[in-house]
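Take a look at the structure below.
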Amino acid sequence: MSDSERSASRWLASRWRSVPPSARPLVSTALIVAVGLVAILGFNALSGRLSQNGGASLASGAASPTASDQGVLLGGAAAPDFTLQDQTGATVTLASLKGRPTVFTFFDSVCPHTDCSLMAQYINVAAQSAGASANQVNWVALSLNPWHDTQQTASAFLKNQNVRLPLRYLLGSQAQLQPLWDAFHMQSILQSDGIVIHTTGVYLLDSQGHEQVFMDEGFNPRTLARDITLLLRDGASAFAGQQGAQSAHATTLTHGVNGMLVTLTATPGSYGSYNFSVVVESADGAAAIPNLTVTLDLAMPSMAMTPIHVALKPVQPASTGAYRADGVLSMKGTWAAQVTISRPGATASSMTTFIFDATY
């Protein structure tokens, strides 16, 4: 697979959900893009709100996870409970994992892309780097492909990837796995061609089943090994007081188009997420323009990819002139965000394209 194909497949693995913030607060761990005033699949009740001057700003109802040399620090949120069978047919529950830290990742045993193979190799290197400490933790992977994963394919995948750890590959139906994907902020989508596109990552849970660290795809496995050692030595307090690296600044761009001012704000969030707001005002900026149909198309100009089309929902009250949706940016680099605006009864739409660099 070429670099461009791999980049495109990562983009395809990005996910979109159009839900109002009142229905989906940002919860404990993860990745998502909020277009409008919001942050997506992320952490702990983060919600968007408008500033008094009609612009958009982000406000956090709780402390966001912080990024450090240890990965993204999650603050000890409880991992979701589950009862599933592994590749040997044995039952595994969250309770059965307590008493030892757990390295929790996500696999698709028939993944045609490189993501799962690379993740398996990162796990191997992390275990080797941890030395004897690797024998003191649980190693668990959750299936991202209930449509094709079986005990046989899971065992074959681990063997083919030379995973010699006592890793438990958890299997289940889509109905069983979907709530866990949601809780861990992972996405898995079965395409019409039978191929599954998905996200992945690694969580480090403490001995009580609490989420302490998240690492996105492409993490340094030796960092995970170091975190394992810290958690074994210091327990849940291992990451207390750690200061996260300062995140990159938000990018705010304003274009004039057909008698309107359109403002796009792109704010980097925690691990791979981006928060977007779109505000539409009159040309002089004196009044917000409500009751519009606003959509967003995101793509990387350097990639041969089909833009992801997203319908934005208005922020309430509608008089704010702000619009949003939820989704994910999965790659650093230069992005083009085309905003399309339609007025009620209009026969033509207004479009403007913003270029910004995604940095995390």
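The values are calculated or read from the model by the stated rules, or taken from the named source; none is laboratory data. Here the structure is a predicted model, which is why all the values come from computation and not from measurement. In this analysis, Cβ positions are derived from the backbone assuming ideal geometry, glycine residues included, and neighbour counts consider all displayed protein chains.
For (1) surrounded by fewer than 20 Cβ atoms within 10 Å (Cβ to Cβ); (2) modelled with pLDDT under 85; (3) in contact with a Lys or Arg (Cβ under 6 Å, 6 or more places away or on another chain), each residue gets a yes or a no:
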residue: Phe276; (1), (2), (3): no, yes, no
residue: Ala287; (1), (2), (3): yes, no, no
residue: Val294; (1), (2), (3): no, no, no
residue: Ala318; (1), (2), (3): yes, yes, no
residue: Ala322; (1), (2), (3): no, no, no
note = Here the residues within the stretch 249-297 that are assigned to a strand (DSSP E or B), farther than 17 Å from Val315 by Cβ, in contact (Cβ under 8 Å) with a residue 60 or more places away in the chain and under 19 Å from the mean Cα position of the chain (by Cα) are Pro268, Tyr274
message = Against the condition aliphatic (A, V, I, L, M), out of contact with any strand residue (DSSP E or B) (no Cβ under 9 Å at 6 or more places or on another chain) and loosely packed, with under 15 Cβ neighbours inside 10 Å, how does Ala132 come out, does it pass?
response = yes
query = Among the residues of the stretch 91-109 satisfying the criterion of being in contact (Cβ under 8 Å) with a residue 60 or more places away in the chain and more than 18 Å from His210 (Cβ to Cβ), which is surrounded by the fewest Cβ atoms within 10 Å (Cβ to Cβ)?
reply = Ser109
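Per-residue answers, yes or no, for (1) surrounded by fewer than 20 Cβ atoms within 10 Å (Cβ to Cβ); (2) under 27 Å from Ala225 (Cβ atoms); (3) at pLDDT below 95:
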site: Leu142; (1), (2), (3): no, yes, no
site: Asn145; (1), (2), (3): no, no, no
site: His148; (1), (2), (3): yes, no, no
site: Ala154; (1), (2), (3): no, yes, no
site: Asn160; (1), (2), (3): yes, yes, no
site: Leu167; (1), (2), (3): no, yes, no
site: Leu170; (1), (2), (3): no, yes, no
site: Asp182; (1), (2), (3): yes, no, yes
message = So Ala95 ticks every box in (1) modelled with pLDDT of 95 or more; (2) more than 25 Å from Asp182 (Cβ to Cβ); (3) part of a helix (DSSP H, G or I) but one. Which box is left unticked?
response = (2)
